[in-house]
């Protein structure tokens, strides 16, 4: 009896915590959605309202103008295309090259393995800001176009990341498969290509997903390398420096609408691949 | 197995390994090591980007300009009788202007901050107060966020590790702040922190009778850092929680059953079982997060612009706004060194090195 009430109290406490946590995580989104449906006049209301309300009548009133403005905003539409190209290409490159490295690091025996593992681990923590000036100089001197610059330089963080995470996944594959294939006369590369790679397909999806999110969200390089070519800007750069079409004021309603639109793909990915993302993130950081 | 054959295989395997690693290492050499060396070299020059002035080697001048600091005592203001002037309202002693005591030759020092120690007023001066302030702010930001994220991340991890209906859904929800672009979340929070009652926080504070509804969260220096910390804690606690969650799941459940039998209450179990077992996980999470926090850029650049710098946003503005290639390179090198020191200290003091393979 006593322990039963105790259990019930624990249960209630747990749910209180869950609700508080969910509220904390989601409220800023709710606020962004709320603001994205407000007209300029509604945004200027003081005190602000927790659902979009008409300024005069206080009736609930949703306004779609921000979404219309965003979807006719050339800079924003171009940014969606740019972001997709950059993040997509980076992901494919990082996966392709990183899978080679991950297989070597995870499964092959060779001299100098510990050293190479340390280098890759150190590179996953490499501060991009430290090489910003150097990369910027190279890119401007050689006249490399911004989109290509972003694709190449993003490998600085996505390549070590994919290599490291895939190393962890390759390590988990049983060595017997590898050995028996060799006994059957397959060369190590054939073993890798025809047996190991298909086995790691789920891991490739997970790692690719994380690399994609990282590249999609990158801001420092994108901002720097597109500073004189607005046409090449990616979503984070456009959202952070939103071009106002009408007024001198910061168009927060449109920014919120644009922010929500560019977050939706990520939120969908998170809900579909929740398990995999958690596995991939922790494989990269905790195991080793 | 024939001995010759197996060693042939081993050789073949080794050769393959080098071939497979080559592309990764060549790419990293080109986009990390070469630029890093060029940044290092540039930091000793007066290179100004896109200028026709010849590039000269200036030795450690950039570093001197970035890092020179001095501490001077500030004398109190004296009245005609030679007594210190005291403010009639607050009773506080009035001090001379700091400009008067800071050196002006050969380079000018400007005030970073003033402080009082044992009744003497001191001023900390620097040749580039913006950079010194950026370093200090970034370190404060990193320490505060990592600490808060560790505590809150632990709580969140314990919650989503518990058994309840909709656990998978909750785990997806905590991934959202982590997954969306920092550019988006920075703008969301900047809007919530508007300096009048169009902002969420000012409205709520005003309803609660706190403040006048016009708290300048993002322009008042006293509020800027706490605001940045709050935003980052929201955004990054999920990541911390996931790392901790992975560690929690490695702990075998029967340990807790044994502890239950022994009558240890949950709080004691947490401090005497969970925490010690999680030491390795927490250490790794701390390293990752601290290094991340020290190079914070997006948040500061988007929300505060040039009102207040982090180390990274300072470097960015020196390069893009002022075109000071040499100077921003020097500040890049300083960041690199600070980050490396933190990484080594952490790895050493928490024994990560021996755990890592």
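Rule-based calculations on the coordinates, nothing more; no lab input. Fair warning: this is a prediction, and the values are worked out from it, not measured in the lab. Counting neighbours? That spans all protein chains shown, and the Cβs are built from the backbone with ideal geometry, glycine included.
Using a Debye calculation, one point per C-alpha and no hydration shell, please list log10 I(q)/I(0) for the range A:67-285 at q = 0.08, 0.11 Å⁻¹ in order.
So the normalised log intensities work out to -0.36, -0.63.
When N counts the residues of the range B:221-357, how does its alpha-carbon radius of gyration compare numerically with 2.2 N^0.38 Å, as a ratio?
After normalising by residue count via 2.2 N^0.38 Å, the value is 1.41.
Averaging over all projection directions, find the projected area of the Cα convex hull of the range A:140-220 and quote it in nm² with one decimal place.
On the way: hull surface 27.9 nm².
With every direction weighted equally, the projected area is 7.0 nm².
In a GNM of chain B with a 10 Å cut-off on Cα contacts, which of B:204, B:338, B:140 has the highest mean-square fluctuation?
Looking only at B:204, B:338, B:140, the largest GNM fluctuation is found for B:204.
Two-decimal Rg/Rh of the range A:91-130 from alpha-carbon positions, Kirkwood Rh?
Reported Rg/Rh, Kirkwood definition of Rh: 1.03.
State the three equivalent ellipsoid semi-axes of chain B, derived from the C-alpha gyration tensor as the square roots of 5 times its eigenvalues, in descending order and whole Å.
Square roots of five times the eigenvalues give 44, 35, 22 Å.
Over the Cα atoms of the range A:157-288, compute the convex hull volume and normalise it per residue, giving Å³.
139
Just to verify a number: FRET efficiency for residue A:26 and residue B:70, C-beta to C-beta distance, R0 = 56 Å, to 0.05?
Here the calculated transfer efficiency is 0.70.
Principal axes first, then extents: for the Cα atoms of the range B:16-112, list largest minus smallest coordinate on each axis, whole Å, largest first.
Computed over the Cα atoms, the extents are 86, 35, 20 Å.
How large is the direction-averaged shadow of the alpha-carbon convex hull of the range B:84-242, in nm²? It would help to have the intermediate numbers written out before the result.
On the way: hull surface 58.6 nm².
Mean orientational projected area (the range B:84-242, Cα hull): 14.6 nm².
What FRET efficiency would be calculated for the residue pair residue B:41, residue B:212, taking the C-beta separation as r and a Förster radius of 56 Å, to the nearest 0.05?
Given R0 = 56 Å and the Cβ-Cβ separation, E is 0.55.
Compute the Rg/Rh shape ratio of the range B:121-188: radius of gyration over Kirkwood radius, all on alpha-carbon atoms.
Taking Rh as the inverse mean 1/r over Cα pairs, Rg/Rh reads 1.22.
How big is the range A:1-106 by the Kirkwood estimate over distinct Cα pairs, in Å?
19.1
To the nearest whole percent, what portion of all C-alpha pairs in the range A:2-63 is separated by more than 19 angstrom?
The calculated P(r) of the range A:2-63 puts 51 percent of pairs beyond 19 Å.
Using the alpha-carbon atoms, what tilt in degrees (0 to 90, nearest 10) does helix A:113-124 show relative to the longest principal axis of chain A?
Approximately 10 degrees, to the nearest 10.
Could you please state, rounded to a whole Å, how far the C-alpha centre of the range A:81-96 is from the C-alpha centre of the range A:1-75?
One Cα centre to the other: 33 Å.
Kirkwood Rh over Cα pairs of the range B:69-127 into Stokes-Einstein at 4 °C, 1.567 mPa s: D in µm²/s?
Result for D is 106 µm²/s.
For residue A:16 and residue A:3 in the same chain, what is the full-extension length gain: residue separation times 0.36 nm, less their Cα-Cα distance, in nm?
2.7 nm
Fully extended, how many nm does the chain gain between residue B:250 and residue B:34 (0.36 nm per residue separation, minus their Cα-Cα distance)?
Between residue B:250 and residue B:34, full extension yields 73.7 nm more.
Which of B:105, B:149 comes first, and how do the rest follow, when ranked by fewest Cβ neighbours within 10 Å?
Listed from fewest to most nearby Cβ atoms, that is B:105, B:149.
Would you mind getting me the FRET efficiency between residue A:201 and residue A:271? Use the beta-carbon distance for r and R0 = 25 Å, nearest 0.05.
For R0 = 25 Å, the calculated efficiency reads 0.75.
Using only the Cα atoms of the range B:214-281, what semi-axes does the equivalent ellipsoid have when each is the square root of 5 times a gyration tensor eigenvalue? Give whole Å, largest first.
That gives 39, 14, 8 Å for the three semi-axes.
Between residue A:140 and residue B:151, how many nm apart are label points set 7 Å from Cα along the C-beta direction?
According to this spin-label approximation, the distance is 4.5 nm.
Per residue, what volume in Å³ does the convex hull of the Cα atoms of the range B:148-255 enclose? Walk me through the numbers on the way to the answer.
Working: hull volume 14.5 nm³, N = 108.
It is 134 Å³ per residue.
Please work out the C-alpha center-to-center distance from the range A:164-202 to the range B:257-316 and express it in whole Å.
For the range A:164-202 versus the range B:257-316, the Cα centre distance is 35 Å.
Counting each pair of different Cα atoms once, what's the Kirkwood radius of the protein assembly as shown in Å, rounded to one decimal?
Computed over Cα pairs of the protein assembly as shown, the Kirkwood hydrodynamic radius comes out at 27.5 Å.
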